[in-house]
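The values are calculated or read from the model by the stated rules, or taken from the named source; none is laboratory data. Please read all numbers here as calculations on a predicted model, not as lab measurements. All Cβ positions, glycine included, derive from the backbone under ideal geometry; neighbour counts span all protein chains shown. For accessibility, only protein heavy atoms count, side chains too; no ligands or nucleic acids. Shrake-Rupley method; radii C 1.70, N 1.55, O 1.52, S 1.80 Å.
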Amino acid sequence: GAVVSQHPSWVICKSGTSVKIECRSLDFQATTMFWYRQFPKQSLMLMATSNEGSKATYEQGVEKDKFLINHASLTLSTLTVTSAHPEDSSFYICSAHGQLLSYEQYFGPGTRLTVT
Amino acid sequence: EDQVTQSPEALRLQEGESSSLNCSYTVSGLRGLFWYRQDPGKGPEFLFTLYSAGEEKEKERLKATLTKKESFLHITAPKPEDSATYLCAVRADSSYKLIFGSGTRLLVRP
């Protein structure tokens, strides 16, 4: 149990385009989902927290107009990187937790974004 | 300010050589300390949650312990497949957010 999926697992896009990453909780209802980014050999950096049906809460320094988060249901959250630039290239990971899981966070497999 | 510090940054062990990883934390009110394993190019895999000082949890060759200031992840007789980055994170009173340490990269040589 407690499986989180992400799609796509990797994506290459051209500078100036937008890309959408999906995060799904497969076997539980996720009251809250989190989005992280991770640079090589560094730890996870929280970008934003999203609750189903409400606006996401962004961490300081994260541009909310650039990283659009939608949490439309208890099993799906999406992250859209708008007008991507090469510096947005990174490993993006989502996590989810639910009340029935004692608020432990379970992570997706990650999405590798490369902007050319 | 809530903070998590992991040591060592990297650790090389021979197969069968037991050791411990450290996670020191300062947090306003601990609501849980979490250990994760992360393989290269993958998302973190949940290992343990500890909630109160004195608590211990085990899974195969791994044992996690917790005091009021730090947590240890003990690895007994490690195997090469235990090679990974081990991440420690804490959840503070004020939110559901996790604060991560920088991780310990473990390499177990055969």
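Each of B:Glu15 and A:Ala72 was given a label point 7 Å from its Cα along the Cα-to-Cβ line. The distance between the two points is 5.0 nm.
Here's the list of lysines a cross-link from B:Lys57 could span, going by alpha-carbon distance under 19 Å and ignoring same-chain residues fewer than 8 apart: B:Lys68, B:Lys69.
For chain A, the tally of Lys pairs with Cα-Cα distances below 19 Å comes to 6, considering only residues 8 or more apart or on different chains. The mean number of Cβ atoms from other chains found within 10 Å of a Cβ in peptide B:38-51 is 5, as a whole number. Between A:Lys55 and A:Glu22, the C-beta separation translates, for a Förster distance of 30 Å, into a calculated FRET efficiency of about 0.95.
Contact order, relative form, for chain B: 37 percent (alpha carbon pairs under 8 Å, 6 or more residues apart, mean separation divided by residue count). Counting 0.36 nm for each residue step from A:Ile12 to A:Thr82 and taking away their Cα separation leaves a gain of 23.8 nm. Summed over both chains, the contact between A and B buries some 1500 Å² of accessible surface at a probe radius of 1.4 Å. Listed by chain and number, the aspartates and glutamates placed with their C-alpha closer than 16 angstrom to that of B:Lys63 are B:Glu17, B:Glu45, B:Glu55, B:Asp82; residues fewer than eight positions away on the same chain are left out. P(r) for the range B:27-110, from all Cα pairs and a bin width of 5 Å, is 3, 14, 25, 25, 18, 10, 4, 1, 0 %, short bins first.
Working from Cα pairs under 8 Å separated by at least six residues, relative contact order for chain A is 37 percent. Restricting the calculation to Cα atoms, chain A shows an Rg/Rh of 0.95 when the hydrodynamic-style radius is the Kirkwood one. With N as its number of residues, the protein assembly as shown has a Cα radius of gyration that, divided by 2.2 N^0.38 Å, comes to 1.02.
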